[in-house]
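The values are calculated or read from the model by the stated rules, or taken from the named source; none is laboratory data. What you see is a predicted model, and the numbers here were worked out from it, not measured in a lab. We place every Cβ from the backbone using ideal geometry, glycine too, and count neighbours over all the protein chains shown.
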Amino acid sequence: MLLMARLCIPFEGARKRRRGEQSFGFDSFCDTGNFSTHLLTGSFQDKLKALLMFAHPEAVAQGELQCHSFQLELHRHPPTSVRLFVLEEDVGASTCRRRCRYCVSVGWGHHIICSKRFHFVLPTKDTVSEVQTISLHSNAEWSTKPTAGSKLVNTNCCLLHGILHSNGFGHLLRINGFEGGSHFLSGHQIMDLWDRICTALQVRKISVIDASTKGKMELRLVHGVAYGEPWFGRWGYRFGRGSYGVTEQMYRRSVDALHALPLPLLLPHLACFGHEIPVMVGKYQSLCNQVLLTLGDLFRFMIELKTRLPPHSMDYHGAAIAEASCRWSTKRVEMAARVIVEQLKNSELRWVTRQEIRDAARAHIGDTGLLDYVLKTLGNHIVGNYIVRRTVNPITKVLEYCLEDISSVFTGHDSKASGNHSKLRIRLQLTRAQLMRDMFYLYKHILREPSSAAATGMLDAIPVAVRMVMDTKQLVKDYQQGPPPPEKAQGSDGYLKLSCSIRMNGVDVERTPPHETVVVPARATIGELKREVGRHFGAVYWGLKTFVPDSIVGVRCRDSDLVHELMPSGSSIVVEGRMEEADGEEMYEGGNGGSKIVVCPCGGKEEDGERMICCDICEVWQHTRCVGIPDEDDVPPVFLCGRCENDMLALPTIW
């Protein structure tokens, strides 16, 4: 029976702020100024230790992993904060599988297994308030222990989950914004936080499996068409590894082809089959100041227009209109609306509570009933050159009002020009929900489910290009683009800093770990340096715990020689050594060799994270999709690949 490691986050103590505990601003956490010079120098391991010095240690049960937390402040008035947890997983002490399946799927199976993994977790507000603990098993799925009377939470119980290995490589496993259960933080804000953490710690590379969605749309396809890069591309994530044999060149050509698909050639084909797409495209073309030439132009305009639209449609009137059942005249209602707008102008376009604006308007209008009526009906109306916005503050639950200059919302449209009134009315009646419905319609009928009759000629390449983009999920960001050398000054601290790489006897160069910064005393000997190199790499990599350094490549020296006499601080060296008996334990994330053989019709030669099936005769692995097994079907208990099946059919029949 495989035992599962439990990485437990206790919430009992996290619900209350501790006396004297330091709080950090969410939007500035891990900026350079937060931690002074603590994160400015040193290796990744040194920076991580320095960061955790500022964390609050959480009380954990015996046998559970170390847990730290940071309180991140969102607002001061009213006080609102979230708590970021950091769990330290000791791979050597783990009773579960030590290999990281995320490293294997992204192509890092040749990496040596690290000694520690650090899990950065940002739970949702509901999770913290309703459960006692949250546990992460070795398969990275979450489970919870509910309190009496509380509800079990689903897999969206955290807003952020990232893993950092002790060698500086890591994986972003989960990001959940408002649609994923967040009350206060958008996906962009959470990604900004994660990116600041990785930048401050100077990690090496971070991978992410891009499965982000908006509604029923895959963002890697929508943003690929609109911007030529995935949603994560805003933070520097690029093509890491394609599934089903997709290469970077194939992906790049597919994205460029979809982005540059000309609308004048596309629309006539679609119009022949009775689609509403030409009418829909014409509507958005009428709202745009520039000609929408390509499919990428259309999707990009719709994405950017969405951020400027209200959640609900607005009435296009000079002021609030009195309803038929209203006991006040239209003139009095419009006068009250103008008074409220003037008071909102005095607030310098900031959000004002309903009570504040009501009290200010009473100095000019004594009829409180009229004021209450206008405040109730005025939301999302245009009064003069302003839009009156109304919303409920998500924190205080109080109605708030704000003015927005109409020119900032509808750029390029003169609201006073009669020729633009019809165009302005169209945009005022267009809501975010309607735009998302239109975008999904285009997404479905052009990209995901085009008519078989329409997919002819030039358009028959669209499904192929879409499949290439959809099969590219593994993204990687390189945070070091050629890592800088360590500090070269010997300094007053009396230490030497050397950039060390190792070479193991009988091991391919591609399977050796990247360089590490090793620090030794200024008067250290070569023997002490070799022992420190062995200790340091053994501390970083669980797979190198038995590594024994023998010599320094290219340096003729004895163990008694002083290091500083042979090499200055900041030098790069290669230490050659051997592995002592490892008792057959796995050393690499992808196994020590003899791992599964992948030969798939799509051209895939390695595991890529997609579902596979093994032939029961030749034991060669192939993608289930490539051998005709739908994703929704279970894997058959017995499977023969095409080659073995043909070989069996060619055998003579025995009667």
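Out of all the residues in segment 181-204, is one or more assigned to a loop (DSSP other than H, G, I, E, B), surrounded by fewer than 18 Cβ atoms within 10 Å (Cβ to Cβ), in contact with a helix residue (DSSP H, G or I) (Cβ under 7 Å, 6 or more places away or on another chain) and free of Cβ contacts under 8 Å to residues at least 24 places away in the same chain? Yes: segment 181-204 contains one or more residues that are assigned to a loop (DSSP other than H, G, I, E, B), surrounded by fewer than 18 Cβ atoms within 10 Å (Cβ to Cβ), in contact with a helix residue (DSSP H, G or I) (Cβ under 7 Å, 6 or more places away or on another chain) and free of Cβ contacts under 8 Å to residues at least 24 places away in the same chain. Inside segment 613-655, can you point out the residues that are part of a loop (DSSP other than H, G, I, E, B), among the hydrophobic types (A, V, I, L, M, F, W, C) and within 12 Å of CYS600 (Cβ to Cβ)? Result: CYS615, CYS626, VAL627, CYS641.
Residues in segment 629-640 that are closer than 20 Å to GLY609 by Cβ and without any contact (Cβ under 8 Å) to a residue 24 or more places away in the chain were compared, and the one that is surrounded by the fewest Cβ atoms within 10 Å (Cβ to Cβ) is GLU632. Considering each residue of segment 211-248, count those that are in a loop (DSSP other than H, G, I, E, B), buried (at least 18 other Cβ atoms within 10 Å of the Cβ) and of a type in the set (Val, Ile, Thr), and give that number. So the count comes out to 1.
Restricting the search to strands (runs of 3 or more DSSP E) fully inside segment 1-108 and requiring at least 3 residues that are modelled with pLDDT of 85 or more gives 66-75, 80-90.
Name the single residue, out of those in segment 602-628 being in contact with a strand residue (DSSP E or B) (Cβ under 8 Å, 6 or more places away or on another chain) and loosely packed, with under 14 Cβ neighbours inside 10 Å, that is farthest from ASP647 (Cα to Cα). Even if it seems obvious, please write down each step before you answer.
Of the residues in segment 602-628, the ones in contact with a strand residue (DSSP E or B) (Cβ under 8 Å, 6 or more places away or on another chain) are 602, 604-615, 619-624, 627.
Now drop any that are not loosely packed, with under 14 Cβ neighbours inside 10 Å, which leaves 605, 611, 619.
Details: LYS605: 22, ARG611: 25, GLU619: 15 Å.
By that ranking, first place goes to ARG611.
Condition check: touching a His at 6+ places or on another chain (Cβ under 9 Å) and either under 30 Å from ASP508 (Cα atoms) or at pLDDT below 85 (or both). Does SER166 satisfy that? It is false that SER166 is touching a His at 6+ places or on another chain (Cβ under 9 Å) and either under 30 Å from ASP508 (Cα atoms) or at pLDDT below 85 (or both). Taking residues in segment 370-388 that are closer than 14 Å to ARG358 by Cα and β-branched (Val, Ile, Thr), and partners anywhere that are crowded, with 18+ Cβ neighbours inside 10 Å and modelled with pLDDT of 70 or more, the pairs with Cβ atoms closer than 8 Å and at least 6 places apart or on different chains are VAL374/VAL333; VAL374/ALA336; VAL374/ALA337; VAL374/ILE340. Can you find a residue in segment 555-567 that is closer than 19 Å to ASN167 by Cα, touching a helix residue (DSSP H, G or I) at 6+ places or on another chain (Cβ under 8 Å) and either surrounded by 13 or more Cβ atoms within 10 Å (Cβ to Cβ) or not assigned by TED's automatic domain parsing to the domain that holds LYS47 (or both)? For segment 555-567, residues closer than 19 Å to ASN167 by Cα, touching a helix residue (DSSP H, G or I) at 6+ places or on another chain (Cβ under 8 Å) and either surrounded by 13 or more Cβ atoms within 10 Å (Cβ to Cβ) or not assigned by TED's automatic domain parsing to the domain that holds LYS47 (or both): absent.
Look at (1) part of a loop (DSSP other than H, G, I, E, B); (2) out of contact with any strand residue (DSSP E or B) (no Cβ under 9 Å at 6 or more places or on another chain); (3) modelled with pLDDT of 85 or more and you find that PRO514 fails only one, number (2).
When residues in segment 252-305 are screened for being of a type in the set (Ser, Thr, Tyr) and touching a His at 6+ places or on another chain (Cβ under 7 Å), 1 of them pass. Annotation: of all residues in segment 279-305 being free of Cβ contacts under 8 Å to residues at least 60 places away in the same chain and surrounded by fewer than 14 Cβ atoms within 10 Å (Cβ to Cβ), the one that is nearest to VAL222 (Cα to Cα) is GLU304.
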